[in-house]
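Throughout, read-outs are computed from the coordinates displayed, never taken from laboratory work. This is a predicted model, so every value here is computed, not measured. Counting neighbours? That spans all protein chains shown, and the Cβs are built from the backbone with ideal geometry, glycine included.
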Amino acid sequence: MDSFYIKGGTPLNGKLKVPTAKNALLPILACSIMCSGVVTIPECTKFSDVKYMANILASLGAKTKFEDDTLIIDSGTADKFFISDEYTKKVRSSIFMLGPLVARFKQAKVAYPGGCNIGTRPIDLHIKGLEALNVKIEERHGYIYCDAKNISPGEVHLDFPSVGATENIIMASVLLNGTTKIYNAAKEPEIEDLQNFINAMGGCVRGAGTSTIEIVGVKKLHSVCYTPISDRIIAGTYLIACACAGGKVALTNVNSTFNTALIAKLKQSGCNIKTKNDNIIIEVGRRPKSISKIETMPYPGFPTDLQSQMLTLQTLCRGTSVIVENLFETRFKIYTELTKMGADIIVKDRMAFVKGVKTLYGAAVTAPDLRSGAGLVIAGVCAEGYTTINDVYHIDRGYLNIETDLNNLGAEIKRIK
Ligand code: UD1
């Protein structure tokens, strides 16, 4: 398994283009199985999670191929509705296949999903949502069996605005004869992107980005060429990296409105941030101030996927900070690793109390999950001396060559194979 060897202590300067988003690509790939034509996705970022998802589509009988960075999916030949745990344990988003499979085959058998180890991550909302559309579901021997012979449009009220459940229910409803409504839907930009993708294939989805989504069924979805939105979590990670390391970084291909929660906090810390068209420029001269309280929330609140990186920033700020994690119960695993680097952090249940220190020191650490891994890379880039990070395969799930990006900005990171 690869590791990173980082020589810390350099500021970050330069320009980076942010790639298309993992969390937009994954549901879009899943949804492609419902298309009667060919789906072409230019600039499809080859995150390892995206490659696993493309493998799932191929295992169902779809033809998938990359031509450079363009992914082409022809689902006409797909004839299977079964996904084994060999695939699902690698990528949690395999759960997104439930909706598209029942839409296309009126049945599905999918093994329980794996993915990042950040909490219990139940799937009850996905299941209740599909049951509200008259899908009969049984859970046996580690598999979810869906019988959708009698699937019909309906009204779904989500007890919590789950991103994945919202996307699954949208996809299950697109080809039904009638209108489905989702109340208390998640409002993440990736859901609006899924809506735009479906509508570009001739579907009819309205309201994504608000808490009520309406899906008017259509008979079929036609071929499409669609470029997904850029990755707001990668953009946020690099803004935080610059806030920690100092310097001046310009990000292109970003929509700054997707990162308003983070930008507000970085400005409060004393970072100079300018946004124009699809660019964000951050300039950081002196050690930032701590943010007294950061609480993760569903969009447009502060994203849980930037919490670990923000925790790393707080370890180096002037002052103290409290971070409250409301989404995933075990998402503070980074703190034991940061403590090895000299951070002053106390974690109690879902809260982390952070007292900023002037310097972190390089150490041997292990990435516990995807975003914690990114937080550790930032810590390594800022630390005095050398840092080794093991298990970087977690990071590769959601960053495409993070070391190349940061090295282009002046960092010194080597991947050891
Ligand atoms: C998606 C993102 C992930 C992000 C998360 C929250 C993708 C591929 N992944 O994950 O990067 O961290 O949104 O922004 O888009 N829950 C239930 N029952 C369910 C489903 C969820 O209780 O059936 C709970 C979860 O345990 C969690 C909360 O709802 O506490 C949010 O989860 P959800 O929005 O579903 O996250 P994901 O779709 O898994």
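A simple spin-label model places pseudo-atoms 7 Å from Cα toward Cβ; at residue 277 and residue 227 they are separated by 1.3 nm. I'd like the orientation of helix 48-59 relative to the chain: the angle between its Cα long axis and the longest Cα principal axis, in ° from 0 to 90, rounded to 10. With both axes taken from Cα atoms, the answer is about 20 degrees.
After finding the eigenvalues of the alpha carbon gyration tensor for the stretch 111-262, what semi-axes result from the square roots of 5 times each, listed largest first in whole Å?
Numbers: eigenvalues 206, 84, 36 Å².
Output for the stretch 111-262: semi-axes of 32, 20, 13 Å.
For the stretch 215-353, the gyration tensor built on C-alpha atoms gives an oblate shape. Its axis ratio a/c (a ≥ b ≥ c) is at least 1.5, and a/b is not larger than b/c.
Spin-label model, residue 43 to residue 408: label points 7 Å out along the Cα-to-beta-carbon direction sit 1.3 nm apart. Of all lysines in the structure, those lying under 21 Å Cα to Cα from residue 149, and not within fewer than 8 positions of it along the same chain, are 80, 106, 109, 128, 136, 181, 219, 220. Within a straight-line Cα-Cα reach of under 20 Å, residue 358 can be paired with the following aspartates and glutamates, leaving aside sequence neighbours fewer than 8 residues apart in one chain: 283, 337, 344, 384.
Taking a ≥ b ≥ c as the square roots of the eigenvalues of the Cα gyration tensor of the stretch 22-225, is the shape rounded (a/c under 1.5), prolate (a/b larger than b/c) or oblate? Because its axes are fairly even, with a/c under 1.5, the stretch 22-225 counts as rounded.
Among 299, 191, 259, flag the residue with its Cα farthest along the positive direction of the charge dipole of the chain, charges on Cβ as +1 for Lys/Arg and -1 for Asp/Glu. Going by the Cα projections, it comes out as 259. Within the same chain, lysines fewer than 8 places from residue 15 are excluded, and of the rest, those with a Cα less than 18 Å from its Cα are 248, 274, 276.
Dividing the alpha-carbon Rg of the stretch 187-281 by 2.2 N^0.38 Å yields what? Walk me through the numbers on the way to the answer.
Working: Rg = 16.9 Å, N = 95, 2.2 N^0.38 = 12.4 Å.
For the stretch 187-281, the normalised Cα radius of gyration is 1.36.
Counting only alpha carbon atoms, the long axis of helix 22-31 and the longest principal axis of the chain meet at about 10°.
With respect to the chain, whose longest principal axis is taken over its alpha-carbon atoms, helix 232-245 is tilted by about 0°.
From Cα pairs below 8 angstrom and at least 6 apart in sequence, can you work out the relative contact order of the stretch 272-417, rounded to a whole percent? Walk me through the intermediate numbers first.
Values: 259 pairs, mean separation 26.8, N = 146.
Reported relative contact order: 18 percent.
A cut-off under 11 angstrom between Cβ atoms defines the neighbours of residue 101, and their net charge, with Lys, Arg +1 and Asp, Glu -1, is +4. Overall shape: oblate for the stretch 359-417, with the ratio a/c of the largest to smallest alpha carbon gyration tensor axis at 1.5 or above and b/c at least equal to a/b. Taking the Cα centroid of the stretch 1-76 and of the stretch 300-345, what is the distance between the two, rounded to the nearest whole Å? So the two Cα centres are separated by 28 Å.
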